[in-house]
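These notes concern the structure reproduced below.
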Amino acid sequence: MKTQILVIDDDCKILKMLETILARKNFLVTTCKSGQEGLQKIMEHEWDIILSDLSLSEIDGMELFLKAKEVLPFVPFIFMTGYGNVQQAVACLKEGAFDYLTKPFGRESILKVLDKALEYLEQRMDKKKLKEKKETFFENIVGKSEKMQELFRLVSKIAPTNATVLIQGESGTGKELIAKAIHNLSIRKNEPFIAINCGVLSENLLENELFGHVKGAFTGALQYKKGLFEEADHGTLFLDEVADIPPAVQTKLLRVLQEKEFKPLGSNETIKVNVRMIAASNINLQQAVLEKKFREDLYYRLAVIPIFVPPLRDRKEDIFDLVYFFIRKYSKENGKNIDSIHPFALDKLAKHSWKGNVRELENTIERAVALASTNIITEDLLWKGMDILDFECKEEMQQKDSLKMIIQRDTKKAIFQALKMTKGNRSKAARMLGISRASFYQKLKEYKDVP
C-alpha cells in the first residue's frame, strides 16, 4: 500500500517540484494551494505524512498544524519554511511537529526527512501490533492494579527470552495463566505448550510422564511412549506444584536443565531436546531448600527469573473487574442474560478474605450465575448451598469432640455432598469446594470410605 502524503504550499513551483520527486519514489501525493484547502483535506482523509509551508494564506501554518493534531495526532507533520522563520519552526517542534525543512531545499533533504518519518510510522505500527498482541494474551488475566500491571510488564520483558522461569504464589492466583502468557508472547508461541501437575502423580508415574519409556521397560510397556519433554520439544513445558517432585525425579530434572537431554525409561539412548521450562509452586521453594526438601542446585536452575503472583487480598481493587469478567463468562456459558450484581453483594465480595484467591472468586460467581433466576446477582446467591462447609465448632466443642475429629468429619461430609451434587464428577466437586484437584484427590486418599 502506497504512503499517502499531503503537501500544502501557496507556491505552485514548490508543489510541482515535490509532486515530481515524491511520485518517482512511489508515494501517493495530493497537493493543496492554500491552508484552508489543506485543512479541508485533513478533515476529509487520513494521511500518512503531511508537508506544509509555515507561511500560508488564509490560515497560519501553526494554526493548521494544531487543528491537524486534533484529528490526526500521530501523523508526522513536517514544516517547510524560509530562513527567517526558523525560530517559528522550532516553536512548532516544541508543540509536537515532526521536523522542518529550510527553503530552498534539495531532493536529498526532502527524502532524508521522509525516511525518518517512515521509520517513525513503522515503529508506531510495531508498537501498536505488540500492544494488541499483549492485550490478546493478557485478556484472560484481569488486573488493573499496580501489582498486576507490574507483573504484566515483567512478563512482557522476559517472555521473548529462553530463560527458565519460576512462578510462585498461593493456590488459585492464576500461575498457569501467567505461564501461558509467557509462552504466547515468546518465539515458541507456535510450538506446544504442555502442562503437568507434579503434585498428583506418584514418583514412577511422574517419571514415566516426563521422560516416557521404550517397549519392554517394565511390565505392561507394550510400545514406545513419548515423554512430555519430547512432546514439548521446541515449545514450553509447564511444571505445576514443582515442590512435590520426589528427590529421584528432581535429579533427572536437573540433568535435563543442565544438559538439554534425557533417557526414556528402559533406554540407553539419549534424546536431545530444546524446551523452555516454566515451573510453579504454591509454597516458598527457598524455604523448602533450607528444610532439605528441595535440591538447592535445582532451585537455582529453575529460578533464573523468579515471578511472584500476588494474592487477591493484596489487590482488592481488581475484584470489581474480576466479578464482571466472570459474570459475562458464565452467563454466556449457561445461556443466561445476567448483566449486573447488587451493590450489597459486590460489597460483600470486596470484604471477603478470599483465601482461595481468584479461583475461589470464580467458583463463587459461577455458582451464583447457575443459581440466579433473574438478570442480577443478589447477595443471597453468593454462598448459597455452601452451608455444608460450616463447621459449627462451638456446638461440637461442647460435646467434647476434638477439633481434629470435627474437621475430619465435616470435611468428609463436604466431600460426600459435593460428589453427590456433581454426580461423582471429581473435578467439578473440587471446584465447588474451592480447592485444587490435587488437594481434593489427597483428601479422597485420606477418607477411603468416601465414594
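Could you pull out the pairs from LYS252/LYS272; LYS316/LYS336; LYS41/LYS94; LYS260/LYS293; LYS189/LYS252; LYS355/LYS428 whose alpha carbons sit more than 21 Å apart here? Where the Cα-Cα span goes over 21 Å, the pairs concerned are LYS316/LYS336; LYS41/LYS94; LYS260/LYS293; LYS189/LYS252. Using only Cα coordinates, the Kirkwood hydrodynamic radius of the stretch 291-345 works out to 15.1 Å.
Tell me what the chain gives for mean residue ellipticity at 222 nm when only DSSP H runs of n ≥ 4 count, each as -39,500 (n - 2.57), the sum divided by the residue total, rounded to 500 deg cm²/dmol. Estimated from H runs of four or more residues: -15000 deg cm²/dmol. Summarising the amide proton neighbourhood of ILE307: residues at separation of 5 or more, or on other chains, whose placed amide H is nearer than 5 Å comprise LEU166, ILE167, GLN168.
In plain terms, the chain from SER373 to ASP347 could stretch by 7.3 nm, reckoned as 0.36 nm per residue minus the Cα-Cα distance.
Amide H to amide H, with H built 1.01 Å from N, ILE341 comes under 5 Å of ILE377, counting only residues 5 or more places away or on other chains.
If you bin all the Cα-Cα distances of the chain at 10 Å, starting from zero, the percentages per bin are 4, 15, 18, 17, 15, 12, 10, 6, 2, 0, 0. For the chain, DSSP calls about 10 percent of its internal beta bridges antiparallel. Converting phi to 3J(HN,Hα) with the Karplus coefficients 6.51, -1.76 and 1.60 and the offset θ = phi - 60°, the stretch 343-359 yields x, 5, 5, 5, 5, 5, 5, 5, 8, 5, 6, 6, 5, x, 6, 5, 4 Hz in sequence order, with x at every glycine or proline. Available extension along the chain between LEU290 and GLU261 is 7.6 nm, counting 0.36 nm per residue and deducting the alpha carbon span. If you plug the beta carbon distance of SER427 and LYS147 into 1/(1 + (r/R0)^6) with R0 = 25 Å, you get a FRET efficiency near 0.25.
Within the shell of other residues whose beta carbon sits under 10 angstrom from the beta carbon of LYS103, the net charge comes to -3, with Lys and Arg scored +1 and Asp and Glu -1. Helix 61-71 and the longest principal axis of the C-alpha atoms of the chain enclose an angle of approximately 30°. If you average the C-alpha positions of the stretch 215-276 and of the stretch 16-50 separately, how far apart do those two centres end up, in angstrom? When both Cα centres are located, 63 Å separates them. Using C-alpha pairs under 8 Å with a sequence gap of at least 6, the mean separation divided by the residue count of the chain gives a relative contact order of 11 percent. Each residue of the stretch 292-301 is assigned a 3J(HN,Hα), and the resulting list reads 6, 9, 9, 5, 5, 5, 5, 4, 5, 5 Hz, derived from the Karplus form 6.51 cos²θ - 1.76 cosθ + 1.60 (θ = phi - 60°), x at Gly and Pro.
A viscosity of 1.306 mPa s and a temperature of 10 °C, combined with the Kirkwood radius over Cα pairs in Stokes-Einstein, give a translational diffusion coefficient for the stretch 160-217 of 115 µm²/s. Report note on the peptides 187-196, 223-232: ranked by the mean count of other C-beta atoms within 10 Å, highest first, their order is 223-232, 187-196. With a Förster radius of 22 Å applied to the beta-carbon distance between GLN123 and LYS2, the computed FRET efficiency rounds to 0.65. For the stretch 314-384, the fraction of alpha-carbon pairs lying more than 18 Å apart is 27 percent, rounded to a whole number. Excluding same-chain neighbours fewer than eight residues apart, the aspartates and glutamates reachable from LYS144 by a Cα-Cα span under 12 Å are GLU317, ASP318, ASP321. Local charge for LEU205 was computed over the other residues whose Cβ lies under 13 Å away, with Lys and Arg +1 and Asp and Glu -1, and equals -3.
Shape annotation for the stretch 4-129: C-alpha extents along the principal axes are 40, 31, 28 Å, from largest to smallest. Pairs of Cα atoms nearer than 8 Å and 6+ residues apart set the relative contact order; for the stretch 4-129 it is 20 percent. Derived scalar couplings between HN and Hα for the stretch 418-425 equal 5, 5, 5, 5, 9, 6, x, 6 Hz in order, rounded to whole Hz, by the Karplus curve 6.51 cos²θ - 1.76 cosθ + 1.60 (θ = phi - 60°), x for Gly and Pro.
Any read-out appearing in this document is the output of simple, stated calculations on the displayed coordinates, not a laboratory observation. It should be emphasised that the depicted structure is a prediction, and the values quoted were computed from it without experimental measurement. All Cβ positions, even for glycine, are placed from backbone atoms using ideal geometry, and neighbour counts span all protein chains on display.
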